[in-house]
Every structure is written in C-alpha cells, then in structure tokens.
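Take a look at the structure set out below.
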Amino acid sequence: MTDTDHLLIRAAFKKPIERTPVWVMRQAGRYLPEYREVRDKAGNFLKLCTNPDFAAEVSLQPLDIIGVDAVIMFSDILTPLMGIGVDLDFVPGPVIGNPIRSEQDIHSLGTFQPEESTAYVGDIIHLILKQMDGRAPLIGFAGAPFTLACYMVEGGNSKIYSKTIKLFFGEPELAHQLMDKLTTLTIDYLNYQIDAGVHMVQLFDTWAGILSAADYERYVQPYVTRIFRGLKKQGVVPRVYYINGSCHLIPNMAETGADVIGLDWRANIPQVKNAIGDRVALQGNLDPNTLFCSIDVIKERTKLILDQFGPESGHIFNLGHGIDKQVNPEHLIAMVDTVKSHSVRKST
Ligand code: CP3
C-alpha cells in the first residue's frame, strides 16, 4: 500500500472511499488500562512522552484494542516548548514554572531546533512506522500558536484565560511577537514530523474558540495560514485544523488553507456544509459524553452523524473533543464498529 492509499488520507482529500475512516482524539490515554500500565512503568507522563519505546507502545494500543483506522503519535502539544526553555511539568494537568508576562520573557525564549530538542519524537515516529508496517497511517500533530500561548501566559490550565486576553488586547505588539515565534516553531516542528514520515498532521487550536471572529482574524488566522502554507508535502500529507467551541469561526477556519476542519460536537454538519461548501473535508463530531451512554444510544448517535454527512467522501469520523479518562473502552469499540459497518459505500 502506498501512503496515499490509506482510507484516512483518501477521505481527507475527498477521494473515493469504501467506508468512513475513524480515529479518536486522545485515543492513547488513561481510559485504557494497558496505557496506565505502561505509564506506570515509565514513571510519569513526561517520561512516557520522551521514551520512544514506551511512547510507540502506547501509540499502537488503540489500533489493536479499539480497532481505529489511524495511529496518532503519543506526545503532548506542550512538550516541544521545553526546547525553547519552557519549564514544563504535568501533575497531571500541565504546569509551567516560568510563565510569559513581559517582553523580556518573550526575548529569553530560545530558538527551536527539532532535531536537537525533540529527537525523541523522530525516534517515536520511526519506531511506530516500523512496528506498524503499513497497517495504518500515522498522524503527527502540534499545538497551534494561540493555544500554546494560552498555556505559556497562564502557566497552566485556566477556565477564563484572563491573563492571556490582558496581554493580547492590552499589549498587541507583544502578543504578535509571541505568536510569530510560536508560528516559526510550529512550522519547523511539523515539517520535522513530515520528514520523519507521518501521513497526516493535525494542528490543535483548542482554545482559539474563546476569541470573537474579529479577534481571531486579528491575532490567530494570519499565523495559522502561515503554518499551513509553510508545510511540506502539500497535497500528499493532509493538514487538519481543530478548534474547540468553533461554530462562529468555521468560515475563517476554511480559509486557513487546511484540508480538513475538525468540528466540535456543537457544530451541525449540514449547516457547516451549507456555509463552506465543498472546499474542505470535515472531521468529527460526536459529543464525547455520548460514550457514557448505553451502547444503543452510542450506536444511534454515531449513525446520525454518518447520515448527516451523507455518502460522498470527505468525512473522517471522530469525537468532538478528546475522550475522557472514565470512558469504558467497550463503549468506544461500539462506536468504532458502528462507523465501520454503517458507513460502507455501495460502490466506490
Ligand atoms: O491523541 C492522542 O492519543 C495523542 C496524545 C495527546 C495527548 N495530549 C496526551 C496526553 C495529544 C494529541 C494531546 C493534545 C493536547 N494536550 C491538547 C489538545 C487537544 C485537547 O485535548 O484539547 C491539549 C490542550 C493538551 C494539554 C494537556 N496535556 C492537558 C490539558 C493535559 C491534562 C489532561 C487531563 O485530563 O488531566 C495534558 C496531559 C495529557 N496529554 C495526558 C495525555 C494522555 C494525561 C496525562 C497522564 O496520562 O497522566
């Protein structure tokens, strides 16, 4: 099989498919007892991320245990920041010891050299590709600059991101300096992964949905557009762009140059198709909490999304956000099996 033959890649480029492909954000994670076992062996989450053998092992678990159509390399959107001097820990949520609060803080950030700071990511990719032997495509990823900036400014998780907004609205030149640095880092990091052999890349902009469309256009869209323009293997390695809480930003997302837009569960697929037409493929968008319902409800809701998208190519099934750590793996298997059986095309 050549790299472009994978079902996932064909769906992303709207080429003929025999059924809808499915993978799950955070599919390698704490809901799997097998993951928890390897994480315990590694010692902690960061040690798991930076140990290629363990990271490759947990990346592959959902392929065999859940039956998804793609593997996403195991890492975190924040780990590359350690390469520019960010003091990062997970407890288990991320904590940054040296948050960005001034121009001096931005200037002291180092230059990112992926082959030096994230050599372990190249090793993880090579190991996964070797162990998978063409069975499934491999997804690489990065955090988008605004979402990375949120963590760097706040120093960790936040409900309201008030310090970030204070910086962006109050000192826009500083915000643009930070966005510019993080954009260069993201392009270099994703191209490093593409060179190492990933088949698709996803840019996670989880927090960009907190901005109005006008502020998104001012502070985010030009940088995301620059990232998608700067990536290698255009037309071969599809580029997915995900924002949580993005209903008001979907037309903007479609203009960034992404091949696929990752929808959260609030988006209505027929309305999205009406608004942006056929320009990009779509990924999503089952409400992650559906997996806490009965298997009958999971099946019914999964089928509804597949039916809403319709029979043409250009849909990758996924949750609308990451899977929760309390989900019963059997429930996820029921979702994946339903996608596989319900989406079979009569002819391709
Ligand atoms: O999808 C996958 O299976 C690949 C691995 C992956 C992780 N994080 C592993 C992880 C990916 C793609 C991410 C992306 C990520 N990380 C995002 C964007 C997607 C999203 O969920 O919005 C964000 C915002 C982060 C930052 C982050 N990392 C948070 C907020 C947390 C804490 C989560 C929690 O529930 O406590 C992490 C830690 C993290 N990243 C875990 C995993 C499996 C849990 C840590 C553990 O196992 O101890």
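The values are calculated or read from the model by the stated rules, or taken from the named source; none is laboratory data. Here the structure is a predicted model, which is why all the values come from computation and not from measurement. Here the Cβ positions follow ideal geometry from the backbone for every residue, glycine too, while neighbour counts run over all protein chains shown. For the accessible areas, the whole protein counts, side chains as well, though only heavy atoms, and no ligand, DNA or RNA atoms are used. Shrake-Rupley method; radii C 1.70, N 1.55, O 1.52, S 1.80 Å.
Take the conditions (1) within 9 Å of the ligand (Cβ to nearest atom); (2) over 21 Å from residue 120 (Cβ atoms); (3) touching a helix residue (DSSP H, G or I) at 6+ places or on another chain (Cβ under 8 Å); (4) of a type outside the set (Lys, Arg); residue 25 misses just one of them, which is (3).
Is there a residue being more than 21 Å from residue 304 (Cα to Cα) and open to solvent by 10 Å² or more (accessible area, probe 1.4 Å) anywhere in the range 261-275? No, the range 261-275 contains no residue that is more than 21 Å from residue 304 (Cα to Cα) and open to solvent by 10 Å² or more (accessible area, probe 1.4 Å).
Residue-wise test of (1) touching an Asp or Glu at 6+ places or on another chain (Cβ under 7 Å); (2) in a loop (DSSP other than H, G, I, E, B).
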position: 11; (1), (2): no, no
position: 14; (1), (2): no, yes
position: 26; (1), (2): no, yes
position: 30; (1), (2): no, yes
position: 61; (1), (2): yes, no
position: 76; (1), (2): no, yes
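Within the range 197-225, the set of residues being away from the ligand (no atom under 16 Å from the Cβ) and within 18 Å of the chain's Cα centre (by Cα) comprises 197, 221, 223, 225. Among the numbered conditions (1) over 16 Å from the mean Cα position of the chain (by Cα); (2) over 21 Å from residue 99 (Cα atoms); (3) not in a helix (DSSP H, G or I), the only one that residue 122 does not meet is (3).
All conditions but one from (1) more than 14 Å from the chain's Cα centre (by Cα); (2) within 24 Å of residue 178 (Cα to Cα) apply to residue 244; the one that does not is (1). What about residue 50, is it more than 11 Å from the ligand (Cβ to nearest atom) and in contact with a His (Cβ under 8 Å, 6 or more places away or on another chain)? Criteria not met by residue 50.
When you look at residue 83, is it within 8 Å of the ligand (Cβ to nearest atom) and under 18 Å from residue 148 (Cβ atoms), yes or no?
So residue 83 fails the test.
For the range 88-116, the set of residues classified as within 18 Å of residue 146 (Cα to Cα), in contact (Cβ under 8 Å) with a residue 60 or more places away in the chain and part of a helix (DSSP H, G or I) consists of 103, 106, listed by residue number. Could you go through the range 59-72 and let me know if any residue there is over 14 Å from residue 136 (Cα atoms), buried (at least 20 other Cβ atoms within 10 Å of the Cβ) and out of contact with any Ser or Thr (no Cβ under 6 Å at 6 or more places or on another chain). Taking every residue of the range 59-72 in turn, none turns out to be over 14 Å from residue 136 (Cα atoms), buried (at least 20 other Cβ atoms within 10 Å of the Cβ) and out of contact with any Ser or Thr (no Cβ under 6 Å at 6 or more places or on another chain).
Restricting to the range 50-78, name every residue that is over 15 Å from residue 39 (Cβ atoms) and free of Cβ contacts under 8 Å to residues at least 60 places away in the same chain. The answer is 64, and nothing else.
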